[in-house]
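Below is one structure; the comments refer to it alone.
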Amino acid sequence: MSSSNWEEIGTVIGSTSTDSYGFLLTSLKGSLGDIVITETEIPATARGTKKVFIWGRIVSMDRTNPTFPNEAAAELNRIGAIEETIAMVGSEHLHAEVQIMGCTDVDSKAEDIILNPLSYPVKPTSKVLYPDAKIVNRLLSGKNDDDYPIRVGTLINRPDIEIFMSGEALAARHLAILAQTGGGKTVASRRIISGLASHGHPIIIFDPHGDYLGLSKNIEALREIAKNKDIQVRLLSPKLLATREKVPGAVGEIVTKLGLSMTEAQLGVFYNIVNDAEFINTLSPTETNLLKHLEDLIEHVSRINLEGREASSKGPILRKLRLIQDRLEKMEKINDRQRSIFSNKGLKFDDMPDPETNPHMLIKQNQITILYLGGYERVVQSTMVSIILEDLFNDRSSMKDGRVPAFSAIVEEAHNFVPSKSEEKSESPSLMTIRRLLTEGRKFGTGVILISQRPGRLDETTLAQCNTFLVLKLVNPRDQNWVRNVMEQMSEQDAKWLKAFGKGQGFTSGYAVKFPLQIQIDFDKDLVWDEIGKEDFIRQNKERWQNGGKEEAYEMDKNEQKENELLKKSKRVGLK
């Protein structure tokens with residue numbers, strides 16, 4: 001490995017260690033995040049010494065001018081004579097701090113760069129060199145096609161240095177993408193999705209806001225970017241599903257999670273009813289729609305005769321069940337309306353298959369499955385995610401012939417599905433399910449990608465199981481501190497840059513990358529669909545009002561009120 005064509009940009013100064021060193025930058029060639037090399041001598045295994053190249057990453061920089069104190073600056077600025085001072089003659093010191101990545105022997109081959117830990121401090125006065133892009137790309141990416149590399153971007157300020165993640169590591173392990181709103185989470189996740197899709201890896205996306213529906217509209221662009229003409233994107237409308245054996249648990253969980261509390265006596269009566277073989281045998285063995293089962297349960301409770309103290313619990317239980325039915329029907333109606341808007345824009349939704357009996361409809365090679373959860377309350381979304389992932393993981397871990405292929409699950413708005421203990425939603429049904437996948441998924445080829453703009457609200461135990469992190473712009477101090485606590489490879493200097501990153505810029509570390517790096521994510525503009533997330537509310541309101549929409553809105557309100565009144569009247573039957 002020759003350093004003859006590497007530019008000298010500085011000299012090592014001050015105290016050094018096996019972890020870091022500082023140097024005076026004599027050239028404007030280097031910048032924050034750049035990779036630099038220092039040539040120095042260290043003790044050899046046998047007697048004597050040997051020359052090594054020490055690779056490092058610039059993690060901080062500061063600029064001073066000892067000949068230009070603050071007092072002089074204030075006076076010279078007052079009289080307007082700063083340009084005439086010695087400060088403009090080149091007395092500045094540009095100091096950079098380098099985090100050491102490892103070392104290689106000077107005579108090692110450029111085609112096979114393997115870094116070893118540094119066991120001896122860098123020598124002060126050593127020259128700091130700026131390696132060319134070819135050798136740095138060799139260090140960061142290598143030639144191991146068995147890792148199924150996915151290009152995610154470039155080094156910040158060095159577009160000639162490519163950054164790759166291991167597709168195999170993402171498929172077998174777990175990734176967290178964290179950033180504030182507008183920081184570039186969706187840009188980063190689309191890059192990961194297209195990279196996994198390029199290898200045909202099955203993906204299921206839980207999408208609460210429709211951020212990923214555009215992948216279906218831009219399917220041809222996705223195939224072009226991924227270089228895989230076989231990719232399919234399937235959009236699904238959600239349903240609460242449960243076989244009749246799971247109805248007691250599913251209904252009981254919804255009763256608890258929706259906050260429709262019952263007294264201890266009422267809960268006892270309720271669980272006796274819902275677990276009674278007489279009720280379960282009345283359910284259709286082929287029906288999986290939980291709303292239909294709930295309707296059967298309400299009918300069953302209305303019909304049965306309770307005696308003694310239990311009789312007083314019948315009315316309250318019926319009211320709670322009808323309230324749940326009403327809320328679930330309204331959520332489903334909102335989801336239907338929202339999907340109809342997307343359908344008018346050319347998107348096609350299929351009904352969600354039962355993940356227990358038809359998991360292959362959800363998970364297929366070369367298929368991206370998107371479950372649109374819009375319109376449903378968080379606890380119901382969480383219940384759906386829990387049921388689906390539990391069924392898919394059980395099929396995958398069964399080790400039976402014909403099980404679903406290994407897959408990756410992407411959970412958007414992850415703080416709503418794996419909330420921290422401090423959150424009032426800490427009992428989300430999906431919490432333990434996702435925690436199980438993160439703990440055991442590696443053994444069965446079930447990878448998880450968590451995406452969130454509020455990492456401080458995520459369950460720390462769950463996130464600690466993630467092997468790779470991609471953290472973009474974060475301004476909230478609580479979120480910054482929390483990320484710093486769970487990311488062992490993030491230095492204090494890296495943490496300070498979280499609030500300064502531009503859109504699509506961030507820090508990555510972990511199992512899927514070779515080294516902690518500051519990167520610029522590639523922006524796949526052809527995957528952006530402007531019809532989603534386009535905020536044009538004022539114009540829409542004005543046009544509707546000018547076109548007589550106020551009367552239309554009034555009529556819609558009257559019709560909806562009439563529907564609600566009829567619904568309430570029908571629910572009252574059997575309450576007395």
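A compact table of results
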quantity: Kirkwood Rh, angstrom, the range 354-439 [1 / mean 1/r, Cα pairs]; calculated: 13.7 Å
quantity: Proxy reagent accessibility, fewest Cβ within 10 Å first, across ASP107, ASP34; calculated: ASP107, ASP34
quantity: Relative contact order (percent, whole number), the range 141-210, Cα cutoff 8 Å, 6+ residue spacing; calculated: 27 percent
quantity: GluC sites (Glu not before Pro) within the range 441-528, DSSP loop, no more than 12 other Cβ atoms inside 10 Å; calculated: GLU488
quantity: Principal-axis tilt of helix 477-486 within the chain, Cα atoms, nearest 10 degrees; calculated: 80 degrees
quantity: Distant alpha-carbon pairs in the range 399-533 (separation over 22 angstrom), percent; calculated: 45 percent
quantity: Crossing angle, helix 185-198 versus the chain [Cα axis fit, 0-90 degrees, rounded to tens]; calculated: 90 degrees
quantity: Residue exposure sequence - ARG151, ARG322 - by fewest surrounding Cβ within 10 Å; calculated: ARG151, ARG322
quantity: Dipole of the chain, positive end: most advanced residue of PRO238, GLN480, ASN281 [Cβ charges, Cα centre]; calculated: ASN281
quantity: Column: log10 I(q)/I(0), Debye, Cα scatterers of the chain, q = 0.06, 0.09, 0.11 Å⁻¹; calculated: -0.43, -0.82, -1.07
quantity: DSSP bridge orientation in the chain - percent antiparallel, rounded to nearest 5; calculated: 65 percent
quantity: Subset of LYS51/LYS127; LYS421/LYS443; LYS239/LYS421; LYS239/LYS320 violating a 18 Å alpha-carbon distance limit; calculated: LYS421/LYS443; LYS239/LYS421; LYS239/LYS320
quantity: Relative packing of 516-525, 333-342, which averages over residues the other C-beta atoms within 10 Å, highest first; calculated: 516-525, 333-342
quantity: Mean separation of Cα contacts under 8 Å (6+ apart) over length of the chain, as relative contact order %; calculated: 18 percent
quantity: Degrees separating the helix 247-257 axis from the principal Cα axis of the chain, which is the longest one; calculated: 70 degrees
quantity: Residue order, fewest to most surrounding Cβ atoms within 10 angstrom, among THR38, THR186, THR49; calculated: THR49, THR186, THR38
quantity: Percentage of interatomic Cα-Cα distances in the range 223-292 larger than 14 Å; calculated: 69 percent
quantity: The chain - charge dipole about Cα centre, Lys and Arg +1 at Cβ, Asp and Glu -1, debye rounded to 20; calculated: 940 debye
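No lab work stands behind these numbers, since they all come straight from the coordinates. Because the structure is a prediction, the values reported are computed rather than measured. Don't worry about glycine lacking a Cβ; one is built from the backbone with ideal geometry, like all the others, and counts go over all protein chains shown.
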